[in-house]
């Protein structure tokens, strides 16, 4: 895997074998649609895996990315990628369940401008995380949730203050972009 855009374009990213990374095609489409929104933003990458989505955001000018994953192999891979790309000062990595992380960020009044949501497919997690974000709102006004799920996964057109503004199908993957109104 490698970075598609920005200051780190074509740099290599390591990926653990145990994850299903967002495909090149879907990632390229996502970042071409939103490439201008990352500049100086604070990003949360839930279910980070290799950290590829958050690192792509850093390459496009995000000021800070918080990476969350429960798997130790993924955490080590994210740290390795951040170190190899000289980004350790712009990334914070937490080994914690995504639901617990959302609740803790809410309790500490931590807010984000952009949230990546790429949970394991076909387990109902995508919908549950959206419901959790409705209760524990950690997104700044006019922020984005960028989600990836299987075409058969359930999702919402609207949840709380989040409205679906884009839905695109790429094979078995749906790219969903929500915007928060406030």
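Readers should treat all values here as calculations from the given coordinates under stated rules, not as data from a laboratory. Everything numeric here is computed off the predicted structure, so don't read it as measured data. No Cβ is skipped: glycine too gets one built from the backbone with ideal geometry, and neighbour counts run over all protein chains shown.
Could you put 123, 180, 152, 80 in order, starting from the residue whose Cβ has the fewest other Cβ atoms within 10 Å? Before the final figure, lay out each step's value.
Values: 123 12, 180 19, 152 9, 80 15.
With the fewest neighbours first, 123, 180, 152, 80 line up as 152, 123, 80, 180.
Taking 8 Å as the Cα distance limit and 6 or more residues as the minimum spacing, I'd like the relative contact order of the chain as a percentage.
Working: 369 pairs, mean separation 31.9, N = 182.
18 percent.
Efficiency by 1/(1 + (r/R0)^6): what FRET value for residue 7 and residue 140, r their Cβ-Cβ distance, R0 = 25 Å, to the nearest 0.05? Can you show the working numbers first?
Numbers: r = 24 Å, r/R0 = 0.95.
So the FRET efficiency works out to roughly 0.55.
May I ask you to list the residues of the stretch 29-67 whose amide nitrogen lies under 14 Å from a point 7 Å from Cα along the Cα→beta-carbon direction of residue 89?
Residues 63-64 qualify, since their backbone N sits under 14 Å from the label point.
Could you compute the FRET efficiency for residue 163 and residue 80, with r as their C-beta to C-beta distance and R0 at 41 Å, rounded to 0.05?
Details: r = 37 Å, r/R0 = 0.90.
It comes to 0.65.
Kindly put 108, 121, 178 in sequence by how many other C-beta atoms sit within 10 Å of each C-beta, fewest to most.
Working: 108 9, 121 17, 178 27.
By the 10 Å Cβ count, ascending: 108, 121, 178.
R0 = 22 Å: FRET efficiency of residue 108 with residue 131, Cβ-based, nearest 0.05?
Values: r = 21 Å, r/R0 = 0.94.
Step by step, r from the Cβ atoms, then E = 0.60.
How much of the DSSP bridge set in the chain is antiparallel, in percent, rounded to the nearest 5? Walk me through the intermediate numbers first.
Details: 18 of 37 bridges.
Roughly 50 percent of the beta bridges in the chain run antiparallel, per DSSP.
Find the centroid of the Cα atoms in the stretch 118-178 and in the stretch 58-95, then give the distance between the two in whole Å.
Value for the Cα centre distance between the two parts: 22 Å.
Could you list 41, 109 so that the one with the fewest beta carbons within 10 Å of its beta carbon is first and the one with the most is last? List each step's numbers first, then the result.
Numbers: 41 19, 109 7.
The fewest-first ordering by Cβ neighbours comes to 109, 41.
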